[in-house]
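Worksheet: the structure to be examined is printed underneath.
The values are calculated or read from the model by the stated rules, or taken from the named source; none is laboratory data. Being a predicted model, the structure only gives us computed values, none of them experimental. Glycine also receives a Cβ, built like all others from the backbone with ideal geometry; neighbour counts cover every protein chain displayed.
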Amino acid sequence: MSYYEKVKNIKPKTDAVILGIESSCDDTCCAIVRGGNTILANEIISSAAEHAKYGGVVPEIASRMHTDAISKVVQNALKTAKMSFDDIDAVAVTYGAGLLGALLVGLSYAKALAMSLNIPLIAVSHIRGHISASYLGNDPPNAPFVSMLSSGGHTAVIYIPKDGEFQIMGQTLDDAIGEAFDKVARTLKLGYPGGPEIERAAKGGENSVVLPKMLKGNNGFDLSYSGLKTAVINYVHNREQTGKEIDVSNVAFSFQKNAVDALIERAIRAAKQCNVKEIACGGGVAANTYLRESISEKCRENNFKLHLPEKKLCTDNAAMICAEGYFKYMKGDYADLLLNAESSL
Ligand code: KG4
Ligand code: ZN
């Protein structure tokens, strides 16, 4: 019997153990999650320190380092979960968006694993994974709710009418918020990745640098980070050229506040407009302490229940890929072994 004949008869079970693989950028990740929300293992081997030498992710290095790390990270996950391959019911894998060469490493591994174990392969969108991170643990959001997504590649306010369904209400028209953090950090000669560096530098700073207020776009929920980023870069260059001192802490604080406040304002307004009771967050920038404190305060003021995944579940990880993969698995939505990587999804 072929792989397809064996797999098509597999009926989804609610307590399925899903092994997830994520390799879209600079982290090689493997997680094992039971029933879509109970994390048994969530392992990461990061190549960020290698990329930091170049001030950003070098795709070729990322691919090579994924190749080195993939078997090891899967073994680490099995060991942590005290499981063997025989305990796995399905393999979920990120097939996009991300760096093509990096994605292909995880995807090829996942296909080979699914095929050798004769279990379903589930194709997961990285960005949907970030949104589904809020389902991990024992207090998942109750749809309908609004999700505030803020990563290095995407920034959006999304309405979730039902589990596994998404409607974008507004998104960035140019740079993603994390991208802006990284570029401003580079201008301030801080390290990579820039987000945590800006957060560190902003400590003790104040909102003293006047930056342009973000326009609301046509539908009132869109965002634009290019203007804000350019304003900071111009401010820094201007001061450098005129020999004026730059207070890195105040610049970092002012940028962080402007970038985050604009997104939170839209998420709160979207939740009010949709008449939902809950807001969930996801994406690497949701690991930012200022963002976490501000959204918590705003949700308290407006009586929204907040779902804020722990920091490790906001940045790239494979547990979120299992959480999103679970929705597709339960529908019997299994992928073809011809599944290809897609750099932009
Ligand atoms: O979700 P993520 O790990 O990868 C993508 O899918 O893009 O997000 C990475 C982004 C980077 O731009 C990084 O600088 C930012 O998240 N980031 C942060 C923090 N931690 C990560 N930004 C602000 N504050 C942080 N603490
Ligand atoms: Zn990500």
request  = Within segment 8-18, identify whether any single residue is of a type outside the set (K, R), in contact with a Pro (Cβ under 7 Å, 6 or more places away or on another chain) and either in contact (Cβ under 8 Å) with a residue 40 or more places away in the chain or under 22 Å from V124 (Cα atoms) (or both), and answer yes or no.
outcome  = yes
ask   = Among G195, G129, G153, G191, which is the only one that is under 26 Å from S23 (Cα atoms), assigned to a loop (DSSP other than H, G, I, E, B) and within 14 Å of ligand 2 (Cβ to nearest atom)?
value = G153
ask   = Which pairs have Cβ atoms under 9 Å, sit 6 or more apart or on different chains, and link a residue in segment 151-180 that is surrounded by fewer than 18 Cβ atoms within 10 Å (Cβ to Cβ) to one that is in a loop (DSSP other than H, G, I, E, B) and among the aromatic types (F, W, Y)?
value = I168/F221; L173/Y225; D174/Y225
ask   = Considering segment 266-288 alone, what residues qualify as being over 15 Å from I177 (Cα atoms) and within 16 Å of ligand 1 (Cβ to nearest atom)?
value = A280
message = Being outside any strand (DSSP E or B), of a type outside the set (G, A, S) and at pLDDT 95 or above is the requirement here; does Q171 meet it?
response = no
request  = From (1) within 30 Å of A123 (Cβ to Cβ); (2) surrounded by fewer than 23 Cβ atoms within 10 Å (Cβ to Cβ); (3) away from ligand 2 (no atom under 16 Å from the Cβ), pick out the condition that doesn't hold for A267.
outcome  = (2)
remark   = Residue hits (segment 1-42; away from ligand 1 (no atom under 16 Å from the Cβ) and of a type in the set (A, V, I, L, M)) are M1, V7, I10, A16, V17, I18, L19, I32, V33, I39, L40, A41
query = Any idea how many residues of segment 36-63 are in a loop (DSSP other than H, G, I, E, B) and more than 18 Å from A133 (Cα to Cα)?
reply = 7
key: Failed item in (1) among the basic types (K, R); (2) crowded, with 17+ Cβ neighbours inside 10 Å; (3) touching a helix residue (DSSP H, G or I) at 6+ places or on another chain (Cβ under 9 Å), with K311 passing the rest   = (2)
request  = Using the structure shown, decide if A335 is within 16 Å of ligand 2 (Cβ to nearest atom) and either touching a helix residue (DSSP H, G or I) at 6+ places or on another chain (Cβ under 6 Å) or under 19 Å from Y95 (Cα atoms) (or both).
outcome  = no
Flag if V33 is closer than 30 Å to H307 by Cα and either β-branched (V, I, T) or part of a helix (DSSP H, G or I) (or both) = yes
ask   = touching a Phe, Trp or Tyr at 6+ places or on another chain (Cβ under 6 Å) and within 30 Å of S2 (Cα to Cα): does that describe A110?
value = no
remark   = Restricting segment 99-125 to residues that are surrounded by fewer than 24 Cβ atoms within 10 Å (Cβ to Cβ) and within 16 Å of ligand 1 (Cβ to nearest atom), the one farthest from S343 (Cα to Cα) turns out to be S125
note = Residues of segment 1-32 being within 24 Å of M65 (Cβ to Cβ) and among the β-branched types (V, I, T), in sequence order, are I21, T28, I32
query = For segment 43-56, which residues satisfy the criterion of being touching a residue at least 60 places away in the same chain (Cβ under 8 Å) and either in contact with a Leu (Cβ under 6 Å, 6 or more places away or on another chain) or within 14 Å of ligand 1 (Cβ to nearest atom) (or both)?
reply = I44, A48, H51, A52, G55, G56
query = Mind checking which pairs have a first residue in segment 117-141 that is farther than 16 Å from G152 by Cα and a second that is among the charged types (D, E, K, R) and part of a helix (DSSP H, G or I), Cβ under 8 Å, 6 or more apart or different chains?
reply = L117/D86; N118/K6; L121/K111; I122/K328; A123/K328; V124/E324; V124/K328; S132/E324
request  = For residues that are farther than 24 Å from D174 by Cβ and surrounded by fewer than 17 Cβ atoms within 10 Å (Cβ to Cβ), tally how many sit in segment 193-245.
outcome  = 12
